[in-house]
Structures are given as C-alpha cells and as structure tokens.
1. In straight Cα distance, which lysines are under 20 Å from Lys58, not counting same-chain residues fewer than 8 positions off?
2. Roughly how many nanometres apart are two label points built 7 Å out from the Cα toward the Cβ at Ser139 and Ala37?
3. Once the other residues with Cβ under 13 Å from the Cβ of Leu35 are scored (Lys, Arg +1; Asp, Glu -1), what is the net sum?
4. Counting residues in the chain as N, plug N into 2.2 N^0.38 Å and put the Cα Rg over that result.
5. Mind checking which lysines have their C-alpha under 22 Å from Lys257, skipping anything on the same chain fewer than 8 residues away?
6. Where the only charges are on Cβ atoms (+1 Lys, Arg; -1 Asp, Glu), what is the dipole of the chain about its Cα centre, to the nearest 20 debye?
7. Treat each spin label as a single point 7 Å out from the Cα along the C-beta direction, and report the Lys85 to Ala221 distance in nm.
8. Indicate the gyration tensor shape class of the stretch 1-106 (rounded, prolate or oblate), computed on the Cα atoms with a ≥ b ≥ c the square roots of the eigenvalues: a/c under 1.5 is rounded; otherwise a/b larger than b/c is prolate and the rest oblate.
Amino acid sequence: MIPVAFDYQRATTVDEALKALSGDSKILAGGHSLLPAMKLRLNQPAKLIDITKITSLKGIKEEDGEIVIGAATTHAEIASNSLIKKHLPFFAEGASIIGDIQVRNHGTIGGSLAHADPAADWSALVLAADAVLEVQSSSAKRRIKASDFFTGLFSTTLSEDEIIIGVRIPIPPTGTKTNYQKFAQPASRFAIVGCAVMRKPGGKTNIAFTGVSDTPFRDSAAEAASSIDDAVNAAASNVSIMSDHYASEDYRKHLAKVYLRKALQAVS
Ligand code: FAD
C-alpha cells in the first residue's frame, strides 16, 4: 500500500500545470481516486502536479446563460452552492451523496470526470444536463460535449496533454425539474445504479445512467417513450450491462428500471 516514489509540484496557474504535464506525470486534484490507484501500484506516475491551489479552477459562476463549475471545485462546494441549488438541484443532490464527508471535501468534479469510473455519480449528472467540458492544452482550448466525452471503462476523449478546466451547463428554462436517484454500494457509496433525469417544460426528458454499463450513457430508448411505464420497459435495453459481485446483470437491469421509475415520478 505504498506508492512508487514520485516528484511533486504545486502549480498556481493552469499554464504552469500544463508546462509541467508530460507523458509520465499526472494531475493531482482531490487525490481520492489517483492516490488509492498509486498505492495499489496500478498507476505509477513519476510526478504529480497539484492543481488544487489554482484559483481559476475553483468556484461556480453564471456566465452567458450557463452555469460554469471550475474543474477543481469539490463535491461539497457544489452540494452547498446556491446557484446550483436554484438551477441544477440534482447536481446538489448527487454531490451530497458522493462517498463520505472526507471524499466530498477533497474530491473534485474535474477529477471524477477525468477518472471516468463507471460507477461515478457526476457522469450521469453531466450527461442528463447536456453539459460541455472545457479542456485546455498548452496549445489550445476546446469544448467536449459530455455525450462525446466518455468512451469506455476509465476512458475518455481527454488527451494526455490536456486538463479539464471547467464544466459548462446551459441554465435550464424556468419550470425544469431534475432528479437523481442512486442505489449505492453500501461501503463506498459508489453507484451500483445511478439515474439522473432532467425534464424541461414541454415534456422533453433527458435520462442518463451510471453504474449500469462500463460507460455512462443517455438512454435514448427510454427518452423516446411517452409514459413512465414505457420508459421503464425500454430502459437499459441497448447496452451491455455490467455484472459483478455486488449485482448480477439481471439485478442491475432491474435496479435501473426501479430507479428510473423513482426519478421520473419525482419530476412528473
Ligand atoms: P484525483 O484522484 O486527484 O484524480 C483522478 C484522476 O483524474 C487522475 O488520473 C488525475 O490525473 C485526473 N485529473 C484530476 N483532475 C483533473 C483535471 N482537472 N483535468 C484532467 N485530469 C484530471 N465517486 C463517486 O462518484 N461516488 C461515490 O459515491 C464515491 N465514493 C467514494 C468513496 C471513497 C472511499 C473514495 C476514496 C472515493 C469515492 N469516490 C466516489 C471517488 C471520488 O469522488 C473522487 O474524488 C473522484 O472520483 C476523483 O476526483 P479527485 O478530485 O479526487 O481526483
């Protein structure tokens, strides 16, 4: 449980962090996924670049009709933020039930998205909210739709030379309802099934799952349904469902339907 020796650099600006970032270095945010992986020697970076003191990566603001969350903003900060509670209440609900208080006080939204754990809560939430991730390398900035970001188990379209700098979410129209439901692994609180829904006035409902498959996903079949029963019947039908010692494939699929029903009932 002792990591391989590594160098450490605390960056104070994004440019400084990007300059230090190379093939054998890793960004360190909350450390709640990276450090356990290093202790298990699943990850052996030669250098860690700490981004937690970069003020431009922290905080939540409203800008150009969007809520912008800095990548190094902690789960706890998001859970208690008034803009989030007003416009994206399911982000506050989801953030408030991540792990335990230590995890929420250190873990960050950017770290969670970059890590892309298949049972992470943020993935379903950003997918359901039509979020866009803002990323930066030493040569360019680009924006990646959440729906284009996750590519598989612990994998994303983020390049090794890029840092997530923020998450941008269009402010939903007045009357939008959101909900997040999670069947949590009892020890870690990771999602065995997590279901995020956003229902806009006029009836269009975004539905996203985490924990169900190795990649979080928007459930287009359930979204196309015209009743709660039809959505529940259609749910999780076009994906390969994970099976592990916490939940078999059949049980996970059943849970996905149960938790989707709860979420849809909450926004109807
Ligand atoms: P780190 O561990 O510092 O980094 C994770 C990875 O992301 C590393 O590869 C790092 O290089 C990279 N990275 C970090 N920030 C950036 C960035 N801005 N740009 C590019 N790459 C970056 N998560 C849940 O969703 N739900 C849970 O219920 C839950 N329970 C947990 C319980 C425990 C006991 C623990 C230890 C963790 C739990 N987590 C859970 C995970 C937790 O939320 C982590 O904090 C999170 O997944 C990673 O965020 P971090 O800031 O700690 O990132």
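1. Lys19, Lys26, Lys85, Lys86, Lys141
2. Between Ser139 and Ala37, the simple spin-label model gives 2.5 nm.
3. Numbers: positive: Lys26, Lys39, Arg41; negative: Asp50.
With Lys, Arg at +1 and Asp, Glu at -1, the net is +2.
4. Working: Rg = 18.1 Å, N = 268, 2.2 N^0.38 = 18.4 Å.
Here the Cα radius of gyration is 0.99 times the empirical estimate.
5. Once the sequence-local lysines are set aside, what remains near Lys257 is Lys177, Lys182, Lys200, Lys204.
6. 500 debye
7. 3.9 nm
8. Cα axes put the stretch 1-106 in the oblate bin.
The values are calculated or read from the model by the stated rules, or taken from the named source; none is laboratory data. Fair warning: this is a prediction, and the values are worked out from it, not measured in the lab. A quick note on method: Cβ atoms are made from the backbone with ideal geometry, for glycine too, and the neighbour counts reach across all protein chains shown. The accessibility values were calculated without ligands, DNA or RNA, using every heavy atom of the protein model including side chains. Shrake-Rupley method; radii C 1.70, N 1.55, O 1.52, S 1.80 Å.
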